[in-house]
1. Restricting to the stretch 360-384, name every residue that is under 22 Å from Arg293 (Cα atoms) and open to solvent by 30 Å² or more (accessible area, probe 1.4 Å).
2. Do we have Ser524 as in a helix (DSSP H, G or I) and within 21 Å of Val618 (Cβ to Cβ) here?
3. Out of Lys185, Lys194, Lys237, which single residue is over 19 Å from Leu87 (Cβ atoms), under 27 Å from the mean Cα position of the chain (by Cα) and charged (D, E, K, R)?
4. Those residues that are under 14 Å from Val32 (Cα atoms) and under 25 Å from the mean Cα position of the chain (by Cα), I need them from the stretch 77-104; list them, please.
5. Just checking, does the stretch 575-591 include any residue being under 17 Å from the mean Cα position of the chain (by Cα) and open to solvent by 20 Å² or more (accessible area, probe 1.4 Å)?
6. Identify, from the list Arg628, Arg610, Arg599, the residue that is at pLDDT below 90 and within 24 Å of the chain's Cα centre (by Cα).
7. Of the conditions (1) over 22 Å from the mean Cα position of the chain (by Cα); (2) of a type outside the set (D, E, K, R); (3) buried (at least 23 other Cβ atoms within 10 Å of the Cβ); (4) under 27 Å from Glu180 (Cβ atoms), Val330 fails just one. Which one is it?
8. Of everything in the stretch 139-169 that's basic (Lys, Arg) and farther than 22 Å from Pro44 by Cβ, which residue is least open to solvent (accessible area, probe 1.4 Å)?
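The values are calculated or read from the model by the stated rules, or taken from the named source; none is laboratory data. Quick caveat: nothing in here was measured; it's all calculated off a predicted structure. Backbone-built Cβ (ideal geometry, glycine too); neighbour counts: all protein chains shown. For the accessible areas, the whole protein counts, side chains as well, though only heavy atoms, and no ligand, DNA or RNA atoms are used. Shrake-Rupley method; radii C 1.70, N 1.55, O 1.52, S 1.80 Å.
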Amino acid sequence: TPLYSSAASDVYKRQLLRSGYVLYNDPISKYVNDVMDEIVSSNPKLKSKNPRAYIFRSTAVNAFATDQGIIFISIGLLSQLENEAQLALILSHELVHVYESHGLDDFLESTKVDQSLKKRGRMKNQQVDMANLEKNRYSREQELEADDKGLDYFLNTNYSSESIQRVFDVLRYAYLPYDEIVFEKSILEKISVKIPEEYLLEEVNAINPAEEDEEQSTHPALSKRTRNFTQRLAGVKVADKEDYIISKETFLDIQLKARVELARLFLERQLLSEALYSGFLMEKTYGESDFSREIIGEALYGYSKFKNNKLLDNISSPNYKDVEGESQQVFNILKELSKEELNIVAIAYNYDRYIQQPKDNVLRAMIADLFADLYLYHDTKSLSSFYLIEEESVDSTTTEGKELSKIDKIKQNRKKEEDTSWHRLAFSKVLNDTTFRNIASEGFEQGNEMKKEDDYFDSSTYKGRSNLLKYRRRVAKKGKSLGINKVLVVNPTFIQLKGSMRKMKSGLIESDERRESLKNIIQSSAKLHDVDLQMLDATNLKSSDTDKLNDIIIANEWIDNQLDAEGFLYQSYNQKELEELTSKYGTSYLMSVVVISIRPSNPITRFFNRKAKSLIFVTVFDTRNGKRAFIKSDFSGNYLNDVFLKSEFYDAFSQLSKSN
């Protein structure tokens, strides 16, 4: 059966269900539905709605429902709940919204295009507005009704009410991580790294959640909801009732799975400070593991890359001054570390991982990439810029493996006296390690080649300007000649919006017919140019097509990360999964297609101006290096008909297939 209804009014729900933000056929979903079945079996009238729970891949602590019986529970919420009874209360609350038809039509249809993406000349093929979706939009009256009737549903079950009042505490502190543990900088101090004590805050911000002003909000204040619950539960007997009906062991296993998924989501959403603290929590709560070290290593790598490239605005990170609790220490350390220092800490941490995983080629490439950044941004051309710890240097060799002469020793010691910064000793224990030196050499050579390429098109030099103009003239005249004969198209997207280019109004119109027409045009254009095209499209997936949906999620997440990187070399956190995917489909090229039509919202304007503005974004990524091999970003005042689209995609595939 299809994953969604085909009714036109369910457009946004369909987009959500096929967006990759929802889990299918997984242990977390099964467990949550088992808990919901306990509630429904104790409240038979709820069966008429045939409710079904889905897990929403969001870091926000939230749950919401549609009047068709679909309940969405976020990963963020599951990672914070303390027991099964609390989950049962959340589900009971949402079942009221379902049964009472507390519609979310305005909420679900209020999607919009991210203007900042368009300004940067790029577009993600994503129609679900995450920031909007993660906010609860029920009215105050609906929430209070759901609290009251939901408690009735809950009390009809065999779940204990002893701990359910703490659910409101979970919501009150939902903006914090799922645990508060003092951050230890030693967790980052791998190889010979010693982060200075002065980089630590003497005291982190106190936790002081602001109570919502009920007069200024559409929602009831949590304190009022807590009081209402306390009054309702006064005298309620808890004897013979349990916190767990399904299983405590299963709940704890699901809680762990949710926290693992949460850490991955932090990386996926480029919430890198949060990811690092999440990896730390995993180690302190569950013990050190390859997974927790991977999360920390990837977070350090990503933050260093964006900091080196002056693109921290492209990743989500609040001001460290606004962060409360122990995680503030992480935000502060990442701020205090200079670009070069963070680059070196990221290398040391990830090389320590590589020592334990010497066959991980993706990890090796990541470390080499960090060395390339040292070359490009910090004028570090070799390991001679780093020193051995003094007591280890008496009879040592140089970093090139040659015996030090007396003069070499004198020069190195004098250089150490001039520069004794802690990060220059960060590699002391591995400077003579052959593998470490080999990876460093690969990275420095990579940096050198990248610098040559940058210099070739450097518009600040006469030669660079000349070469750049020649290149642009050739592309303008003949187009690119890439010689690509096989591509994988991921979720081609057609969006029609109301309003104008300057002001796109909320309200999305999607036509299944236009979407299918777009797919047919892409396929026929590829065929005309003998390009072997495969398409991953979630439109008609069935509940049994979990593998294909997972492939779409992997590809979309990788593409979104590369768009954030804006062209610099970036090993996405799911690079290993992506390489398995490209091997599976037999091509290293991913194509992202987004077509947007802006339709005037005023019917009079539509009558006199039949032409709709349109935007076409076609991007082809070379997954081997993350570079955009081809970009077509066209704005047109033409009516967006099939003839126009055919000409655009004919041109795109012509440039892809030509060979020099």
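1. Matches in the stretch 360-384: Asn361, Arg364, Ala365.
2. Working: in a helix (DSSP H, G or I): yes; within 21 Å of Val618 (Cβ to Cβ): yes.
In short, yes.
3. Details: Lys194 fails: under 27 Å from the mean Cα position of the chain (by Cα); Lys237 fails: under 27 Å from the mean Cα position of the chain (by Cα).
One residue alone meets the criteria, Lys185.
4. Leu77, Leu78, Ser79, Leu81
5. Yes, that holds for at least one residue.
6. Working: Arg610 fails: within 24 Å of the chain's Cα centre (by Cα); Arg599 fails: within 24 Å of the chain's Cα centre (by Cα).
Going through Arg628, Arg610, Arg599 in turn, the sole match is Arg628.
7. Unmet condition: (1).
8. Arg140
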